[in-house]
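Novice: Below: one structure in structure tokens.
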Amino acid sequence: MLEPRADEILRVSDLHAFYGESHILHGIDLTVYRGEVVTLLGRNGSGRTTTLKAILGLVDRRTGYVSINGRPVISLPTYQIARIGVGYCPEERGIFASLTVEENLLLPPTLRSDGMSLAEIYEMFPNLWERRKSQGSKLSGGEQQMLAIARILRTGAYLLLLDEITEGLAPVIVQALGEVIRKLKDRGYTIVLVEQNFHFAAPLADRHYVIERGRVLDMIPHHELEKNRERLNALLSV
Amino acid sequence: MDPFIKSVLSQAMLGLNNGAFYALLSLGLAVIFGLLNIVNFAHGAFYMLGAFLALIGLTQFGGWIGMPELSIGFWWALLLSPLLVGLFGIVIERTMLKRLAGLDHLYGLLLTFGVALVLQGFFGNFYNMAGTPYPGIPPSLRGVVDLGFMYFPKYRLFALLFSLAVCFVTWYAIERTKLGALLRASTENPKLVEAFGVNVPLLVTLTYGFGCALAGLAGVMAAPIYSVSPLMGSEIIIVVFAVVVIGGMGSILGAIVTGLGLGLIEGVVKVLYPPAASLVVFVIMAIVLMVRPSGLFGRE
Ligand SMILES: Nc1ncnc2c1ncn2[C@@H]1O[C@H](COP(=O)(O)OP(=O)(O)OP(=O)(O)O)[C@@H](O)[C@H]1O
Ligand SMILES: [Mg+2]
């Protein structure tokens with residue numbers, strides 16, 4: 001095997017994942033380098049969410065190899081994987097209804113000392129400041145999404161796994177989220193973005209992985225997007 | 001004062017006293033159910049275990065280790081027996097309950113029911129089923145206090161106030177602190193909390209241990225009031241389950257308020273119509289189940 005690049009943050013190879021008896025991932029291979037924004041594109045049910053979950057050990061069973069910042073994690077329990085420096089924003093957002101906005105924000109424990117401060121987070125998401133005393137269940141979809149992203153920025157996690165953050169949101173909010181991703185990239189975060197909305201993802205990402213039936217079908221770097229546009233459309237169309 | 005009002009007030013005080021025990025027990029049940037999704041049938045047995053540990057510490061333990069003059073008094077028992085009961089709960093969780101995670105509720109219920117039967121059978125072998133009095137009320141808590149409408153045993157007043165304080169501290173810890181927020185979040189979505197880097201399995205174990213320790217604490221406090229018997233757990237737990245059903249499974253405040261409220265109602269009914277006193281809780285339960293099946297404080 002080739003010596004891995006020194007700036008490799010996430011390596012997944014031959015990753016298989018199972019829910020009960022169903023075999024969902026059939027050997028996913030991907031690598032993400034420090035500071036990159038990488039998307040996982042694919043049709044509904046292709047296994048993108050499952051890929052993120054399998055990285056964190058949130059599936060019933062998985063085999064293969066996953067390393068984060070050079071550390072093999074396949075045999076670690078979920079909480080220890082997270083503590084290496086992973087922040088997870090689930091597809092369903094996972095805002096805790098019985099907690100206030102600020103409690104939600106402060107819930108994830110600090111993993112490393114270099115996370116964003118609460119003040120910086122409120123500056124990036126001003127409406128969360130206004131709603132900090134509200135119950136998590138009272139937020140709008142957009143506010144929930146902002147909160148779900150905001151709360152993993154405080155912890156010092158440097159690898160962010162974001163699942164369908166634009167789903168079901170109004171165009172202005174999607175635009176604001178694009179701004180957020182850009183700022184996070186500038187701050188040096190490494191981001192894996194599961195996206196349905198190709199127009200949102202295309203200008204943001206350095207590379208795109210196309211997932212189909214639990215396998216990686218193709219990897220397309222940003223500068224080859226135009227060349228591959230038709231093929232991509234075919235791969236992603238229903 | 002009117003003698004009727006006087007007797008209502010005194011029964012209300014005694015009822016509140018029982019209610020405080022209901023509150024402590026149903027609070028533990030609610031905390032455990034919230035996080036582990038287990039109806040802890042062993043709860044009554046842990047209450048009994050707490051009482052027996054206090055009794056054994058006071059009257060037997062010294063003899064067992066060849067120091068008959070050693071007697072572990074009430075205050076030490078108040079600290080040590082909940083700790084031991086909690087530890088016992090932790091062992092049960094780590095060795096048995098943990099393996100049932102993800103299975104149907106029913107398995108946890110059956111397992112804890114089994115644990116209750118084993119404990120009850122064990123103590124039934126060695127101790128009088130009719131009960132053994134606990135002779136260790138500390139001197140400072142003997143005697144009575146004049147409440148104006150009645151002379152109330154000092155010890156009972158202490159048990160009532162101390163239980164209320166423990167309930168309040170527990171409520172505060174769960175609803176108002178960082179650790180409590182973790183607990184509430186884990187109750188909602190344990191997988192996600194773990195994905196944030198929290199050792200949720202450990203939190204689950206400690207929570208179970210804490211709930212059991214609350215039952216043990218109630219047991220120690222009950223020992224001087226009721227006699228210590230192998231059956232004391234299964235007797236009280238039936239009422240406590242009714243309390244939990246009325247309050248709504250998993251609600252902390254609901255468990256406390258309903259426990260106290262039903263103790264009070266039981267006490268008052270004892271004056272108004274004595275034969276109904278032991279029934280009233282179940283009548284209320286039936287009504288609540290018809291009108292609001294998720295309980296007074298439960299989430300719909
Ligand atoms: N908990 C589960 N148990 C069994 N099968 C599941 C479970 N979750 C997902 N699946 C199946 O796994 C496959 C991949 O699902 P996944 O959620 O990873 O897809 P996806 O690419 O994220 O698509 P989308 O989010 O658009 O539905 C689907 O066929 C889905 O039905
Ligand atoms: Mg998905």
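Novice: Can you list the helices (runs of 4 or more DSSP H) found entirely within the range B:1-120 that contain at least 2 residues being surrounded by 23 or more Cβ atoms within 10 Å (Cβ to Cβ)?
Specialist: On the way: elements: B:3-36, B:43-59, B:61-64, B:74-95.
Because the criterion is at least 2 residues that are surrounded by 23 or more Cβ atoms within 10 Å (Cβ to Cβ), the helices (runs of 4 or more DSSP H) in the range B:1-120 that meet it are B:3-36, B:43-59, B:74-95.
Novice: With a cut-off of at least 2 residues that are small (Gly, Ala, Ser) and free of Cβ contacts under 8 Å to residues at least 24 places away in the same chain, name the helices (runs of 4 or more DSSP H) lying wholly within the range B:178-250.
Specialist: Of the helices (runs of 4 or more DSSP H) lying wholly inside the range B:178-250, those with at least 2 residues that are small (Gly, Ala, Ser) and free of Cβ contacts under 8 Å to residues at least 24 places away in the same chain span B:178-188.
Novice: Check A:Ser98 against each of (1) within 16 Å of ligand 1 (Cβ to nearest atom); (2) facing chain B (nearest Cβ under 9 Å) and name the one condition it does not meet.
Specialist: Exception for A:Ser98: condition (1).
Novice: Could I ask something else about it? State which residue is farthest from the other protein chains (Cβ to nearest Cβ) when the search covers only the range A:51-85 and only residues that are crowded, with 23+ Cβ neighbours inside 10 Å and polar (S, T, N, Q).
Specialist: A:Thr51
Novice: Which residues, taken from the range A:188-199, are at pLDDT 95 or above and surrounded by fewer than 20 Cβ atoms within 10 Å (Cβ to Cβ)?
Specialist: A:Gly188
Novice: So if I check each of A:Glu130, A:Glu123, which one is surrounded by fewer than 22 Cβ atoms within 10 Å (Cβ to Cβ), within 30 Å of A:Ala202 (Cα to Cα) and more than 13 Å from every other protein chain (Cβ to nearest Cβ)?
Specialist: A:Glu123
Novice: Quick one: B:Gly261 ticks every box in (1) buried (at least 22 other Cβ atoms within 10 Å of the Cβ); (2) among the small types (Gly, Ala, Ser); (3) more than 13 Å from the chain's Cα centre (by Cα) except a single one, so which number is it?
Specialist: So B:Gly261 meets the others, but not (1).
Novice: Of these, A:Gly20, A:Gly42, which one is at pLDDT below 95 and within 16 Å of ligand 2 (Cβ to nearest atom)?
Specialist: Going through A:Gly20, A:Gly42 in turn, just one is at pLDDT below 95 and within 16 Å of ligand 2 (Cβ to nearest atom): A:Gly42.
Novice: Exactly one condition in (1) closer than 20 Å to B:Leu147 by Cβ; (2) out of contact with any Phe, Trp or Tyr (no Cβ under 9 Å at 6 or more places or on another chain) is false for B:Trp64; which is it?
Specialist: Result: B:Trp64 passes all but (1).
The values are calculated or read from the model by the stated rules, or taken from the named source; none is laboratory data. Being a predicted model, the structure only gives us computed values, none of them experimental. Counting neighbours? That spans all protein chains shown, and the Cβs are built from the backbone with ideal geometry, glycine included.
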